[in-house]
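Enquirer: Encoded as structure tokens, here's the structure I'll be asking about.
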Amino acid sequence: MTVSVQIAIHPSQFPENVRRDLLASLRTRRVNHKFHYDNAKQTQKWLALHEFHSPARYDAECLATYDRAFAEAVAQIKALQVHIIGLGCGGGQKDVQLMKQLKARGKLFSYTPCDVSVAMVLVARQATRALVQAKNCFPVVCDLATADDLPELFAHAPKVKAPRVITFFGMIPNFEPQKILPKITQLLRPNDYLLFSANLTPSDDYAAGMRKILPQYDNPLTHDWLTAFLFDLGVEQQDGRLRFSIETGGLGLKRVVAKFHFQRARRIKVSGRKFSFVRGDAIRLFFSYRYTPAVVQKLLERHGLDVTDKWIAKSAEEGVFFCRRK
């Protein structure tokens, strides 16, 4: 039997605001990452990419690290009932792992999957159906990058007196940390918990570690996923090529950057606005910061978060951090 799903849409994803953000992306030639998850086709491309290239999917030891992190974190939560808020829930796989650990310890839980994409929220809802009844699941579509009222957005979540476990898995690479971390801190209440994961560089030599992980990005699946945004707007494959590089951004952090470089002129029209690109122009489609465990902990503490525990995969490519608000 088909069951309908009610989804709350935050104003950040109202049509007029999405249009504003799209035009700004093309005008500044710096694409808001949310446009890579804009429809079901792009969501499926991302899921295929994640399944093939994410260590959290194919590395058994990395998967075990998450299981160990969740088991030990849940052991520290004394409340019988919690509400899980999955910020940037993606396909919901890690939230499922967390829920299984909560269930194993006899905890009761409800769930708010939150993502910028309706399609992604639905995937997460489907992934958690066996663990969370429909009456206890409250999907939200929201752009975390532009929303400035996250505490109010989640204030009316069910069981507001119970502790909340806020998950933020694999999201920090695609945000400027000094912009997103204050929002996460503001969202946390004194009795809430944060489970936070970061993609790391697998080497004490920061630059060498960045070169080692570059193939996780510069590959056919990622090319296919990222260029779908431009091709849907009328850019053609022969107009240019996607190139990846390593840059040093703010705070001395290194990131992988993907830019589409035009090799011939192209004009597109979007929402009544014309945008022209000439040979030699480039548009940034994507960036992904990579961290070291020490840098992650320093950033979290700088933004008012106490790291009470952490787990680093043996590959040193993934880290999970358990935090409370100071």
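Bear in mind these aren't lab numbers, they're just calculated from the coordinates by the rules spelled out. What you see is a predicted model, and the numbers here were worked out from it, not measured in a lab. All Cβ positions, glycine included, derive from the backbone under ideal geometry; neighbour counts span all protein chains shown.
Enquirer: Given 0.36 nm per residue, what is the gain on full extension from A79 to F14 after removing their alpha carbon distance, in nm?
Expert: The span from A79 to F14 would gain 19.8 nm if fully extended.
Enquirer: Step through the residues of segment 277-292 one at a time and calculate ³J(HN,Hα) from phi using the Karplus curve (6.51 cos²θ - 1.76 cosθ + 1.60, θ = phi - 60°), rounding each to whole Hz and writing x for Gly and Pro.
Expert: 10, 10, 3, x, 6, 9, 10, 7, 9, 6, 9, 8, 6, 10, 10, 10
Enquirer: So, one more: Which value in nm describes the separation of the simple spin-label points at A60 and A130, placed 7 Å from the Cα toward the beta carbon?
Expert: 2.0
Enquirer: A follow-up question, please. For the chain, build the charge dipole from Cβ charges (+1 Lys, Arg; -1 Asp, Glu) around the Cα centre, then report which of A145, Q133, V295 sits farthest towards its positive end.
Expert: Of the listed residues, the answer is A145.
Enquirer: Give the dimensionless ratio obtained when the Cα radius of gyration of the chain is divided by 2.2 N^0.38 Å.
Expert: 0.99
Enquirer: What angle, in degrees between 0 and 90 and rounded to the nearest 10, separates the Cα long axis of helix 177-187 from the longest principal axis of the Cα atoms of the chain?
Expert: Helix 177-187 and the main axis of the chain meet at about 30 degrees.
Enquirer: Let me ask something else. Using a Gaussian network model of the chain whose springs link C-alpha atoms within less than 10 Å, name the residue from S315, S117, S276 with the highest mean-square fluctuation.
Expert: With Cα springs under 10 Å in the chain, the top fluctuation among S315, S117, S276 is at S276.
Enquirer: With axes computed from alpha carbons, what is the tilt in degrees of helix 118-127 against the longest principal axis of the chain, rounded to the nearest 10 within 0 to 90?
Expert: The helix 118-127 is inclined about 40 degrees to the chain.
Enquirer: Report the local net charge at L194: Lys and Arg +1, Asp and Glu -1, summed over other residues whose C-beta lies under 14 Å from its C-beta.
Expert: Neighbourhood net charge equals +3.
Enquirer: Sticking with this structure for a sec: Around I246, what is the net charge, scoring Lys/Arg as +1 and Asp/Glu as -1 over all other residues with Cβ under 10 Å from its Cβ?
Expert: +3
Enquirer: Return the sequence-ordered ³J(HN,Hα) values of segment 36-44 in whole Hz as given by the Karplus equation 6.51 cos²θ - 1.76 cosθ + 1.60 applied to θ = phi - 60°, using x for Gly and Pro.
Expert: Working through the residues one at a time gives 8, 10, 6, 9, 4, 4, 5, 4, 5 Hz.
Enquirer: Could you work out how far helix 93-104 tilts from the main Cα principal axis of the chain, as a 0 to 90 degree angle to the nearest 10?
Expert: Around 0 degrees separate the two axes.
Enquirer: Amide H neighbours of G240 under 5 Å, counting only residues 5+ apart in sequence or on other chains, H built in-plane at 1.01 Å?
Expert: The answer is Q263.
Enquirer: For segment 280-299 and segment 199-275, what is the separation of their Cα centres, given in Å?
Expert: With segment 280-299 and segment 199-275 each reduced to a Cα centre, they are spaced 12 Å.
Enquirer: Still on this structure: Grab segment 206-290 and count how many Lys pairs have their alpha-carbon atoms under 26 Å apart, sequence gap of 8 or more, or different chains.
Expert: 4
Enquirer: Let me ask something else about it. Please list, in chain and number order, the residues 5+ apart from I85 or on another chain whose amide H is under 5 Å from its amide H, with Hs placed from the backbone.
Expert: T112, V165, I166, T167
Enquirer: Describe numerically, in nm with one decimal, the distance between label points set 7 Å from Cα along Cα→Cβ at K212 and at T28.
Expert: Calculated label separation equals 3.3 nm.
Enquirer: Further question: Quick one: which residues, 5 or more positions from L108 or on another chain, have an amide H under 5 Å from its amide H? H modelled 1.01 Å from N in the peptide plane, none for Pro or chain starts.
Expert: Counting only residues 5 or more places away or on other chains, the set is Q81, V82.
Enquirer: Which of rounded, prolate, oblate describes segment 178-223, given a ≥ b ≥ c as roots of the alpha-carbon gyration tensor eigenvalues and a/c under 1.5 marking rounded, otherwise prolate only if a/b is larger than b/c?
Expert: Prolate, because a/c is 1.5 or more and a/b exceeds b/c.
Enquirer: Still on this structure, I have one more. With θ taken as phi - 60° and the coefficients 6.51, -1.76 and 1.60, list the Karplus ³J(HN,Hα) couplings across segment 67-78 in order, rounded to whole Hz; mark glycine and proline as x.
Expert: 4, 5, 4, 5, 4, 6, 5, 4, 4, 8, 8, 7
Enquirer: Obtain the nm distance between the two label points defined at D205 and S276 by a simple spin-label model: each point lies 7 Å from its Cα along the Cα-to-C-beta direction.
Expert: In this crude label model, D205 to S276 measures out at 4.7 nm.
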